[in-house]
Amino acid sequence: VPLGGGAGDEFTVATPLVEDGFLYITDSWGVLYKIDVTSGQVGRIVWRMDPKQERQLRNRGAALWGNLVITGAGISPARIIATDKDSGKVVWETSFPDTPDVTFTSAPLAIKDKIIIGAANGDQGVRDWMAGLDAKTGKLLWRKYTIPGPGEPGHETWKGNTNAWQTGGGAMWITGSYDVATNQVI
């Protein structure tokens with residue numbers, strides 16, 4: 001099944017997910033595809049959800065939660081989108097206007113009733129973070145910066161008085177892992 005086709009030099013770095021004979025994958029424009037793969041010979045695109053990004057960006061895939069497919073859209077504005085598996089319609093969308101320069105390149109991680117996401121773009125001087133969203137509504141539940149600022153645990157481990165915490169690093173460019181035994185994201 002051909003994906004993309006809107007510009008030259010397109011690419012896919014997403015890991016596809018398969019459930020009940022359907023494959024879910026994103027392209028470099030953040031477009032989410034539901035593909036029927038039940039024939040075993042050829043795929044058929046059932047629907048596409050286009051987040052209308054202004055430019056291509058790495059998009060490493062989606063997460064499945066209940067009847068939702070959760071993806072990130074990287075640019076203008078960066079946001080997390082929940083799409084209904086059956087209809088391909090957007091159920092909720094969450095943006096982060098207080099950190100406008102972040103992007104989302106990693107696939108979200110669905111854990112219980114939460115969606116764990118990680119911001120990227122630290123190589124562009126952005127202070128990156130990870131956060132938890134309510135899976136049903138997309139409401140931001142918590143956020144933790146990956147480079148601690150003054151007064152935050154770990155800040156004292158940064159040598160000198162460079163204020164490096166303000167200008168980036170610690171990007172979440174791949175999806176973490178979840179340890180069920182310890183209930184921890186790694």
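The values are calculated or read from the model by the stated rules, or taken from the named source; none is laboratory data. This structure is a prediction, so every number in the text was calculated from the model and none was measured. Glycine gets a Cβ as well: all are built from the backbone with ideal geometry, and neighbour counts include every protein chain shown. For accessibility, only protein heavy atoms count, side chains too; no ligands or nucleic acids. Shrake-Rupley method; radii C 1.70, N 1.55, O 1.52, S 1.80 Å.
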Give me the accessible area of Y145, 1.4 Å probe, in Å² rounded to the nearest 10. 60 Å²
I want to verify a result. In a Gaussian network model of the chain, Cα cutoff 10 Å, which of these has the top mean-square fluctuation: D98, D113, D128? D98
Mean projected area (nm²) of the alpha-carbon convex hull when segment 74-161 is viewed from all directions: 7.0 nm²
Can you tell me what the convex hull of the Cα atoms of the chain projects to on average, as an area in nm²? 12.0 nm²
C-alpha center-to-center spacing [segment 162-179, segment 44-112] in angstrom: 20 Å
Taking K34 as the anchor, which lysines have their alpha carbon closer than 30 Å to its alpha carbon, excluding any fewer than eight residues away along the same chain? K52, K85, K89, K112, K114, K136, K139
Trypsin sites (Lys or Arg not before Pro) restricted to segment 60-130 and DSSP loop, no more than 12 other C-beta within 10 Å: K89, K112
Segment 48-57 - phi-based ³J(HN,Hα) in whole Hz, Karplus 6.51/-1.76/1.60, Gly and Pro as x: 10, 10, 9, x, 6, 5, 7, 8, 5, 7
Leaving ligands, DNA and RNA out of it, rank W129, W142, W165 by accessible area with a 1.4 Å probe, largest first. W142, W165, W129
Which one of T137, T38, T162 has the biggest mean-square fluctuation once the chain is modelled by GNM with Cα springs under 10 Å? T162
Normalised contact order of segment 38-186, rounded percent, pairs of Cα under 8 Å and 6 or more residues apart: 17 percent
With springs only between Cα atoms under 10 Å, which of N121, N163, N59 fluctuates most in a Gaussian network model of the chain? N163
Between N161 and S87, what FRET efficiency follows from the Cβ-Cβ distance if R0 is 35 Å, with the result rounded to 0.05? 0.05
Counting pairs of Cα atoms in segment 1-95, how many percent are more than 24 Å apart? 14 percent
